[in-house]
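Asker: Structure incoming, see below.
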Amino acid sequence: MTGLEADLEALVGADSILPAADGAEGATPPYTVRPKSAEALAEVLALADSRRLAVLVRGGGSKSGWGRAPSRCDLVIETTALNRLLEHEPGDLTCVAEAGLTLGGLQRLVGSAPGHHQQLMLDPPQGGGATLGGLVATAASGPLRARYGTPRDLLLGARFALADGTLARTGGKVVKNVAGYDLDKLLTGSQGTLAVIVEVALRLHPVAPATRWVVAEGLDPRTAQAALVALRRAPVVLSMAELLWPEGKMLVRLDGAVSACGEQAEIVRALLPGSRVAGESEAEELARMIEMRPWDGEGPVLGVSVPLTRIGELVTVAEAGGPVAQLSLRGTVGAGEVRLREGADLAQLTARVTALGGFLAWHRSPGRDAPPLRPEDPVAARLALAVKRALDPHLTLAPGRGPE
Amino acid sequence: MDRIPARLDQALLERFRQAVGCGWVLTDPDQLRTYECDGLTGWRAVPLAVVLPSRTEEVVQVVRICHENGIPFVARGSGTGLSGGALPVEDGIVIGLSRMREVLRLDPDNERVVVQPGVPNLEVSRVVAPFGYLYAPDPSSQRVCSIGGNVAENSGGAHCLKYGFTTNHVVAVTLVTPEGEVAHLGSAVPDSPGYDLLGVVVGSEGTLGIVTEVTLRVVPIPPRVQTLLAAFPSTDAAGEAVAQIIAAGVLPAAIEMMDRATIEAVEFAMHAGYPDCGAALLVELDGPASECQALFGQVVEICRSCGSSEVRVAEDEAQRALLWKGRRGAFSAMGRVSPDYYVQDGVVPRSQLARVLSGIRELEVRHGLKVANVFHAGDGNLHPLILYDRRSPEGPERAKRLAEDILSLCLEAGGSLTGEHGVGRDKVCQMPKLFSPRDQMVMHLVRRAFDPAGTANPGKVLPTPRLCGEHPGIYRPHPLERSGALQRL
Ligand SMILES: Cc1cc2nc3c(=O)[nH]c(=O)nc-3n(C[C@H](O)[C@H](O)[C@H](O)COP(=O)(O)OP(=O)(O)OC[C@H]3O[C@@H](n4cnc5c(N)ncnc54)[C@H](O)[C@@H]3O)c2cc1C
């Protein structure tokens, strides 16, 4: 037993130390530790920090390929043993949970409160097994973003451990709060480079009594763009408006009161050329289709975003025969994902998206390395680096992935 | 901080003048006095000078001069803040953004507007209205308060219940850092790469730099708006109705509550025609007509079942305006019935509204002062107005203690120190009630990352021993501080 292993064992107990991970993060770390409390996690971090070890945080592992692979990794800290729902106040539509609780686990727990039907309105890819901390750290979201936003909009507060083991809180558990700096935002999307999130307070939403789907097929880029303009201005509340390319499909979901849903579905149908209101029996299949795309299939998946007025052009890039195998785009937001075709020229795609005024972000990237988390603007990059150095001066957390 | 000059010498003033033009550097004591406080008039300080830049480049130059000479600076929008955020520091300058009031770019097709920070909040909705859009965050001060101030405070408003706060509507800013560099944070398009520094700057109360350009998201004007006023026998009953509306999953655009004291003041001052009752709820639903209709019935039913004796529904825009008139004018109405008042801004979980309101009534009796409540009930954001007379012996002191006790009540219920007015100077010494020394230290670290020299709005947001006195036992130095890598403010 090495000195490190003995020290870790003394901190967390032998049963919290796991066999070496599979090395999916790019290096094979000697130890994976799964602490049973936030305090134990903080102590492990402090130990690693004092010995200048590089630490990678891992939740459910569903998005471990996201972000740049760290340049070193000596220790993996898994959060999955921190999996309790700490508070759920259905009347407030809020909850507090440990960061290692999975999204699926949370939905089951908050969804079963008697007399209420609530959910965290977040549907990220491979979401069920993803942990809440991981979802916040990757800022992952899905089609429901059209109505409910991203983790940025749903996170009310957090508890986290800095690399030196300092446990601290930001935000609170109420839906409105401007006390102190909004460090929730800083943690959101920081990909485990600034702190280890150990607890989150989240905003929930009620599940509407009725759902309707409208399906449009055979769209071309021009009609798709025009239809989206009309939809954004229409007197309807869309939960999703997913544009699927190169199939030329748009799937729209509406949720609300029974009477209102039907009426709004008709409005949407009238605005979408070649569309129809789907029967109830199709709902499950449509939901599945949306969930799998564009992840189901080989090849790297990137996040993509463009201005609303350039969606038609983005869609043209995703026409059959181009670099993109599949595009799923939140049509009213202008953000989504692309899966690249085998051997596609990434530089060319990047150039085209950049020319549209948009961004690409690496999600699943087998065999390729994502760029570090760094803003394009040089002064913003310097500020990001200053923040990283202030919170993690020894570059303990996922070194090489952040702005350093 | 020992580099700070006690006075600005002529050479420095000359440099400020060169940066912004002669007429835009104020040093005349009478002129300076108009900048000595914001909306929280109990705190006053006269700055050494007021500098009024008109462009980002001018702000850069002014901030660089401050940085090179260790001069603290305080950004100021319209000065309507209610926490002393724009309170000057005596050994520093005020940088007023009121000349920067241009709408720079209108891009309704992408649902974006780019403005300078001095543009008044309401102006944004005015310029996008012809395209069918509005800017959702609507502080009651929206005619006057500036977008820069809104960004700094992460301001809210009645309709934020449904639409979210300023932070949900700002997608990019140009920030002049405290060292005088220009940073572009966020972007008009979603998902720009890197840390969400924009999210930290929003709500940072001018302590991380000066915002000189803001890109805002605008939303389509809702096709239908329905407004009702429900009269209740008591705030308990009205609070219960709010809890039930939220719990039922109805998301109105706004739910505002007024108690008897507020209703009486409003009636006295502006004759809005409100019913004579213990509490009133103003509920507004917006969205597609079909959705509004369905939810409206539900709201009315809940109000009735919670004891509402009367529900008035606005039949047209004029009636709607009348219902809102009393709410919007409530603060100024209070000025007509009480010589002085202090606006508290606390938050409680919505399920706790009725309990906390009755706690406030007990405190009223204990402190012997009247409290009027008018607030954003839907998101649990209380605004108790503590009525007092500053000329009466102990008046201000009693009001202050009552305000603090109300805040403690909010925190005990699991709430927050401030929902929209910010910490500023007013609540800086109360931060330890909500945040541990470690929590504060992390905020200090972030602040220092943006502002190593500590010149941007010093003395606001985060407590220091100098401001609040030493609290032996609470403070524990951060390891970085112990190692000398970081110095304590
Ligand atoms: C009658 C009344 C009603 C109100 N109602 C509401 C309400 O409903 N909701 C609400 O949230 N608030 C409300 N307020 C408070 C106030 O209007 C808001 O906080 C507003 O955002 C302040 O804007 P301002 O331009 O007046 O900012 P100021 O008071 O000038 O400054 C506020 C803070 O912002 C900083 N600042 C200003 N401009 C910049 C800039 N360009 N860059 C960086 N920092 C800057 C200042 O340093 C200061 O810390 C109300 C105030 C009054 C008097």
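The values are calculated or read from the model by the stated rules, or taken from the named source; none is laboratory data. Owing to the predicted nature of the structure, the values given are computational and were not obtained by experimental measurement. Using ideal geometry, Cβ is built from the backbone for each residue, glycine included, and neighbour counts are taken over all protein chains shown. Protein only, heavy atoms only, side chains kept; ligands, DNA and RNA dropped before computing areas. Shrake-Rupley method; radii C 1.70, N 1.55, O 1.52, S 1.80 Å.
Asker: Of these, A:ILE290, A:ILE311, which one is modelled with pLDDT of 95 or more and open to solvent by less than 50 Å² (accessible area, probe 1.4 Å)?
Answerer: Of the residues listed, the single one that is modelled with pLDDT of 95 or more and open to solvent by less than 50 Å² (accessible area, probe 1.4 Å) is A:ILE311.
Asker: A further question on this structure: Across the stretch B:421-447, what is the number of residues that are touching a His at 6+ places or on another chain (Cβ under 8 Å) and within 12 Å of the ligand (Cβ to nearest atom)?
Answerer: So the answer is 0.
Asker: Within the stretch B:144-169, can you find the residues that are within 6 Å of the ligand (Cβ to nearest atom) and either in a loop (DSSP other than H, G, I, E, B) or in contact with a strand residue (DSSP E or B) (Cβ under 9 Å, 6 or more places away or on another chain) (or both)?
Answerer: Result: B:CYS145, B:SER146, B:GLY148, B:GLY149, B:ASN150, B:ALA152, B:SER155, B:GLY156, B:GLY157.
Asker: Within the stretch B:23-47, track down each residue that is open to solvent by less than 70 Å² (accessible area, probe 1.4 Å) and touching a helix residue (DSSP H, G or I) at 6+ places or on another chain (Cβ under 8 Å).
Answerer: Listed by number, the residues that qualify are B:VAL25, B:LEU26, B:THR27, B:VAL46, B:PRO47.
Asker: Do we have A:ARG389 as more than 7 Å from chain B (Cβ to nearest Cβ) and touching a Lys or Arg at 6+ places or on another chain (Cβ under 9 Å) here?
Answerer: The answer is no for A:ARG389.
Asker: When you check B:VAL128 against the structure, is it outside any loop (DSSP other than H, G, I, E, B), within 11 Å of the ligand (Cβ to nearest atom), open to solvent by less than 20 Å² (accessible area, probe 1.4 Å) and aliphatic (A, V, I, L, M), yes or no?
Answerer: no
Asker: Shifting gears a bit: Filter the stretch A:243-259 down to the residues that are in contact with a strand residue (DSSP E or B) (Cβ under 6 Å, 6 or more places away or on another chain) and within 10 Å of chain B (Cβ to nearest Cβ) and list them by number.
Answerer: A:LEU254, A:VAL258
Asker: Given the residues A:GLY149, A:GLY142, A:GLY127, which is the only one that is free of Cβ contacts under 8 Å to residues at least 12 places away in the same chain and either within 12 Å of the chain's Cα centre (by Cα) or closer than 21 Å to A:ALA38 by Cα (or both)?
Answerer: From the options A:GLY149, A:GLY142, A:GLY127, the qualifying one is A:GLY149.
Asker: Name every residue in the stretch B:96-112 that is in contact with a Leu (Cβ under 6 Å, 6 or more places away or on another chain) and away from chain A (no Cβ under 14 Å), in order of residue number. If you could, list the steps in order and put the result at the bottom.
Answerer: Within the stretch B:96-112, the first condition is being in contact with a Leu (Cβ under 6 Å, 6 or more places away or on another chain), and the residues that meet it are B:96, B:99, B:110.
Within the stretch B:96-112, B:GLY96, B:ARG99 meet the criteria.
Asker: Taking A:ASP377 and the conditions (1) at pLDDT 95 or above; (2) open to solvent by 20 Å² or more (accessible area, probe 1.4 Å); (3) under 30 Å from A:ALA320 (Cβ atoms), which numbered condition does it fall short on, given that it satisfies the others?
Answerer: Exception for A:ASP377: condition (3).
Asker: Does the stretch B:204-225 contain any residue that is away from every other protein chain (no Cβ under 11 Å) and either surrounded by fewer than 21 Cβ atoms within 10 Å (Cβ to Cβ) or part of a helix (DSSP H, G or I) (or both)?
Answerer: Yes, the stretch B:204-225 contains at least one residue that is away from every other protein chain (no Cβ under 11 Å) and either surrounded by fewer than 21 Cβ atoms within 10 Å (Cβ to Cβ) or part of a helix (DSSP H, G or I) (or both).
Asker: Let me ask you something else. Taking the stretch B:439-489, which residues are among the hydrophobic types (A, V, I, L, M, F, W, C) and modelled with pLDDT of 95 or more?
Answerer: B:MET441, B:VAL442, B:MET443, B:LEU445, B:VAL446, B:ALA449, B:PHE450, B:ALA453, B:ALA456, B:VAL461, B:LEU462
To keep it simple, each residue is scored yes or no on (1) more than 8 Å from chain B (Cβ to nearest Cβ); (2) touching a residue at least 40 places away in the same chain (Cβ under 8 Å); (3) crowded, with 23+ Cβ neighbours inside 10 Å; (4) within 30 Å of A:LEU373 (Cβ to Cβ).
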site: A:SER190; (1), (2), (3), (4): no, yes, yes, yes
site: A:ILE197; (1), (2), (3), (4): yes, yes, yes, yes
site: A:ALA201; (1), (2), (3), (4): yes, yes, yes, yes
site: A:ARG212; (1), (2), (3), (4): yes, yes, yes, no
site: A:PRO221; (1), (2), (3), (4): yes, yes, no, no
site: A:GLN225; (1), (2), (3), (4): yes, yes, no, no
site: A:LEU238; (1), (2), (3), (4): yes, yes, no, no
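Asker: Please work out which residue is farthest from B:ARG260 (Cα to Cα), limiting yourself to the stretch B:226-249 and to residues that are assigned to a helix (DSSP H, G or I) and away from chain A (no Cβ under 12 Å).
Answerer: Step by step, filter the stretch B:226-249, then rank; the result is B:ALA241.
Asker: Criterion first (within 16 Å of the ligand (Cβ to nearest atom), out of contact with any Phe, Trp or Tyr (no Cβ under 7 Å at 6 or more places or on another chain), over 25 Å from A:ASP153 (Cα atoms) and not in a loop (DSSP other than H, G, I, E, B)) does B:ALA261 satisfy it?
Answerer: Numbers: within 16 Å of the ligand (Cβ to nearest atom): no; out of contact with any Phe, Trp or Tyr (no Cβ under 7 Å at 6 or more places or on another chain): yes; over 25 Å from A:ASP153 (Cα atoms): yes; not in a loop (DSSP other than H, G, I, E, B): yes.
No; evaluated as a whole, the condition is false for this residue.
Asker: Report the residue count in the stretch A:323-337 for those that are farther than 16 Å from A:VAL252 by Cβ and open to solvent by 10 Å² or more (accessible area, probe 1.4 Å).
Answerer: Result for the stretch A:323-337: 4.
Asker: Report whether or not A:ALA355 is more than 12 Å from chain B (Cβ to nearest Cβ) and over 30 Å from B:ARG448 (Cα atoms).
Answerer: So A:ALA355 passes the test.
Asker: What number of residues within the stretch B:275-296 satisfy the criterion of being open to solvent by 20 Å² or more (accessible area, probe 1.4 Å) and over 18 Å from B:GLY378 (Cα atoms)?
Answerer: 5
Asker: If you take the residues in the stretch B:322-359 that are within 20 Å of the chain's Cα centre (by Cα) and part of a loop (DSSP other than H, G, I, E, B), which one is farthest from the ligand (Cβ to nearest atom)?
Answerer: Checking each candidate, the answer is B:PRO349.
Asker: Being in a loop (DSSP other than H, G, I, E, B), within 10 Å of another protein chain (Cβ to nearest Cβ), out of contact with any strand residue (DSSP E or B) (no Cβ under 7 Å at 6 or more places or on another chain) and open to solvent by less than 30 Å² (accessible area, probe 1.4 Å) narrows it down to one residue among B:VAL461, B:VAL446; which is it?
Answerer: On the way: B:VAL446 fails: in a loop (DSSP other than H, G, I, E, B).
From the options B:VAL461, B:VAL446, the qualifying one is B:VAL461.
Asker: Can you tell me which residue among A:LEU132, A:LEU86, A:LEU154, A:LEU162 is open to solvent by less than 10 Å² (accessible area, probe 1.4 Å), in contact (Cβ under 8 Å) with a residue 40 or more places away in the chain and within 30 Å of B:GLU240 (Cα to Cα)?
Answerer: A:LEU154
Asker: Which one of these does B:SER308 not meet: (1) open to solvent by 20 Å² or more (accessible area, probe 1.4 Å); (2) modelled with pLDDT of 90 or more; (3) of a type in the set (S, T, N, Q)?
Answerer: Evaluating B:SER308 over (1) open to solvent by 20 Å² or more (accessible area, probe 1.4 Å); (2) modelled with pLDDT of 90 or more; (3) of a type in the set (S, T, N, Q) leaves (1) as the failure.
Asker: Now a separate question. Has the stretch B:102-118 got at least one residue that is more than 8 Å from the ligand (Cβ to nearest atom) and over 24 Å from B:GLY186 (Cα atoms)? Walk me through it before giving the result.
Answerer: In the first step, residues of the stretch B:102-118 are kept if they are more than 8 Å from the ligand (Cβ to nearest atom); the result is B:102-116.
If we keep only those that are over 24 Å from B:GLY186 (Cα atoms) as well, we get none.
No, there is no match, as no residue in the stretch B:102-118 is more than 8 Å from the ligand (Cβ to nearest atom) and over 24 Å from B:GLY186 (Cα atoms).
Asker: How many of the residues making up the stretch B:412-440 are within 12 Å of chain A (Cβ to nearest Cβ) and without any contact (Cβ under 8 Å) to a residue 40 or more places away in the chain?
Answerer: Number satisfying all stated conditions: 9.
Asker: Here's a follow-up. When B:PRO393 is evaluated against the numbered criteria (1) in a helix (DSSP H, G or I); (2) more than 27 Å from A:ARG169 (Cα to Cα); (3) open to solvent by 30 Å² or more (accessible area, probe 1.4 Å); (4) away from the ligand (no atom under 16 Å from the Cβ), which criterion, by number, is the only one it fails?
Answerer: Failing condition for B:PRO393: (1).
Asker: Tally up the residues in the stretch A:173-185 that are farther than 15 Å from B:GLN440 by Cα and hydrophobic (A, V, I, L, M, F, W, C), please.
Answerer: The number of residues fulfilling the criteria is 2.
Asker: B:SER141 passes all but one of (1) near the ligand (Cβ under 8 Å from one of its atoms); (2) closer than 22 Å to A:ARG147 by Cα; (3) open to solvent by 30 Å² or more (accessible area, probe 1.4 Å); which number fails?
Answerer: (2)
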